[in-house]
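The values are calculated or read from the model by the stated rules, or taken from the named source; none is laboratory data. The structure presented is a predicted model; accordingly, all values stated were derived computationally and were not measured. A quick note on method: Cβ atoms are made from the backbone with ideal geometry, for glycine too, and the neighbour counts reach across all protein chains shown. For the accessible areas, the whole protein counts, side chains as well, though only heavy atoms, and no ligand, DNA or RNA atoms are used. Shrake-Rupley method; radii C 1.70, N 1.55, O 1.52, S 1.80 Å.
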Amino acid sequence: CTNQTLLHEVDQAMSGLNLGSRSGAIYCRIYDKSREMERTGAAWLPELWGRRYDEQLPVTRVEFEFKRDGLREFVIDTPEQAFAKVGSLWAYATGRWASLRSPSSDETRSRWPVDRRWSAVQKASLAGGAIPAERISAGQRRGSLWNQLPATVGYLAAAAVQLGTTDARSTFDALIPLVDAYGQRTGVSFSERVRRKAALV
C-alpha cells in the first residue's frame, strides 16, 4: 500500500503500525487503543463504547490523516466539503491506498483476497452509531479528574493530619472556612478561581 512502514513494539508485541510519511498526502496509524488507554488513564472510553466493548479483547484503532495535497485530489478545499465526502475518503484509504490481504497462490498480490479483519475496517461507518461529541467531552473530563485524584487525595490526607480530621467529609467541612479566608486574604474567591480555570479549558 505504501513504501514507508513503521512498526511499534512493547514487550516484543506489536503495539502500533504507521503507514506512509507524516509529510505525505496520506498517513495511517494503526494501534492498540486498549494499551494506550492503560497508559494514558483514559478509563472512560469503555463507558462510551458500551455493550460493543469486550474487555477480554484488544481494541485496535485505525486512523487516516489526509494532508491538504491529499484532499485536493478529491477536490476538497473546505471542512464542509471534507465532511460531505468522508465516506469516499474512507473508501479510498481502506480500499485503494492501504489494505491487508490474505496470501494465496496468485502471484499478483493485488488479487489476493482482502483479510476479513480489514474487511471489517472497510465497512466501518463514520457516522452511523457515532458517539456524540458531548459524551466524549464529558468522558474526557471524568478521565482527567481521575488522573488528578492521586495528587488531590494526597493533599487532602495531608490537610486532614493538620486539621485533626479522619475522613473525607469532615476534612471537606473543615477546609471550607479556610478556603473562604484564603479568598478574602488574596482578594480572589474560590468561585472566581473556578471561573478562571474553566475559561482555560
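Taking the full set of protein chains and a 1.4 angstrom probe, give the accessible area of TRP112 in square angstrom, rounded to the nearest 10.
TRP112 exposes around 50 Å² with every protein chain in place.
What is the sum of charges around SER102, taking Lys and Arg as +1, Asp and Glu as -1, for the other residues whose C-beta is under 12 Å from the C-beta of SER102?
+3
Note down, for segment 56-115, the three equivalent ellipsoid semi-axes (square root of 5 times each alpha carbon gyration tensor eigenvalue), biggest first, whole angstrom.
Taking √(5λ) for each Cα gyration eigenvalue gives 28, 17, 8 Å.
Please give me the summed charge of the neighbours of ARG22: other residues whose Cβ is under 15 Å from its Cβ, Lys and Arg +1, Asp and Glu -1.
Around ARG22, the charge tally is 0.
If you rank LYS33, LYS67 by how much accessible surface each has, with a 1.4 Å probe, what is the order from largest down?
Highest to lowest solvent-accessible surface, that is LYS67, LYS33.
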